[in-house]
Amino acid sequence: MKNIVSAPMNQVYSREYVEACIDADITPGIFMGDNSIPEKDLIDFRDYLYVSFPVSYVRKHDIYKYKFKTIELLGWNGRKLSELLDICNKIQDYGTKVVFKNWKPEVAPIILCKGNEGAGLTSNDSLFKRFNDLKSEYPNKEILVSGGIYSSTQVKYYLTNGATACLIGTLFASCKESPLCLEAKNILIKANYNHTKKFPQNGLKLSNFNKTEFNNTKELRMGVTTGKKGVIYAGRALDFIKEIRPLKDIVNDLRSEL
């Protein structure tokens, strides 16, 4: 895993984006759920990917066989800890690193520490506070950080203070190679972080919809593919996106103080 990871992006997959991440020497992140990635691409990129999988998806699709480098497990609510650890052990038997996000740090092989400045579901605390609390309580554990990271100063702080990697989403969502449509990227450029506070989970609401019939996957997919309807989730980095830039230029800026 590289010291910068492209956080799994809005359930959208693009081969061009993954290749751009690899070329820029960062780890591409992909969310796997209702939409799927062609099996050939899974095999082509498995040595590079940071993949987020719902626990149910791991079992249903026999994910163990792909031997990814890193898997972030999602959707553990309501499951017995023993069941989750059993799945975790099976994944690790194939040489894959396993990450738990904001959950059970005491048993997590690797902790993903997400602050409240990020997009989507977050913790109640700032990334700075949560990271320092976890680092103090679990000094010997690998910790990944995520949530509102946008600057080289932040990247330098977390890496020099013991984080294994910084996961960054919103900043990369706006890049030239990102699979978001042009309209969606332009919305990211024009919006600011305060706009996300009008919708749960730091989201930009693009159109009206019935809250009682809200389907997160459907509305999110509409948001990133049309830029006109649905929702786009975004974090604190919104305030620092001024234009559509090549991914490699963004990465060079993020690493400029290392």
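At q = 0.09, 0.13, 0.17, 0.22 Å⁻¹ the log10 of I(q)/I(0) for region 122-258 amounts to -0.30, -0.61, -0.95, -1.28, computed by Debye summation with a single uniform scatterer per C-alpha, solvent ignored. Annotation for region 124-220: chymotrypsin sites (Phe, Trp or Tyr not before Pro) lying in DSSP loop with at most 12 further Cβ atoms inside 10 Å of their Cβ are F214.
What's the center-to-center distance, using Cα atoms, between region 63-133 and region 141-179 in Å? Distance between centres, Cα-based: 17 Å.
Annotation: average projected area of the chain is 13.0 square nanometres, based on the convex hull of Cα atoms across all directions. Packing around the peptides 49-60, 111-122, 93-104, taken as the average count of other Cβ atoms within 10 Å per residue, puts them in this order, highest first: 111-122, 49-60, 93-104. Longer than 30 Å from Cα to Cα, which of K40/K97; K90/K211; K135/K228; K104/K205; K69/K176 are they? Say none if no pair is. Exceeds cut-off: K90/K211; K135/K228; K104/K205. The stretch between F209 and T153 holds 16.2 nm of extra length on full extension. This uses 0.36 nm per residue minus the Cα-Cα distance. Its residue count N sets the reference 2.2 N^0.38 Å, and the alpha-carbon radius of gyration of region 1-131 equals 1.03 times that reference. Dipole check for the chain: with +1 at the C-beta of Lys and Arg, -1 at the C-beta of Asp and Glu, and the Cα centre as origin, the magnitude is about 560 Debye. For region 175-258, the dipole from Cβ point charges (+1 on Lys and Arg, -1 on Asp and Glu) about the Cα centre works out to 260 debye, to the nearest 20. 3J(HN,Hα) along region 209-223: 8, 6, 4, 6, 10, 5, 10, 4, 4, 5, 5, 5, 5, 5, x Hz, from the Karplus curve 6.51 cos²θ - 1.76 cosθ + 1.60 with θ = phi - 60°, whole Hz, x for Gly and Pro.
Here region 7-90 has 45 percent of its accessible surface on carbon and sulfur atoms, given a 1.4 Å probe and all protein chains in place.
Rg and Dmax over the alpha-carbon atoms of region 95-149 stand at 10.7, 33 Å.
Counting only protein heavy atoms and using a 1.4 Å probe, what share of the accessible area of region 118-218 belongs to carbon plus sulfur, as a whole percent? That fraction is 47 percent. Heavy atoms of the protein chains alone define the surface here; on that basis the chain has 47 Å² accessible area per residue at 1.4 Å probe size.
The values are calculated or read from the model by the stated rules, or taken from the named source; none is laboratory data. Remember, predicted model here, so these are calculated numbers, not experimental data. Cβ atoms come from the backbone with ideal geometry, glycine included; neighbour counts cover every protein chain shown. Accessible surface is based on the protein model in full, side chains and every heavy atom, while ligands, DNA and RNA are left aside. Shrake-Rupley method; radii C 1.70, N 1.55, O 1.52, S 1.80 Å.
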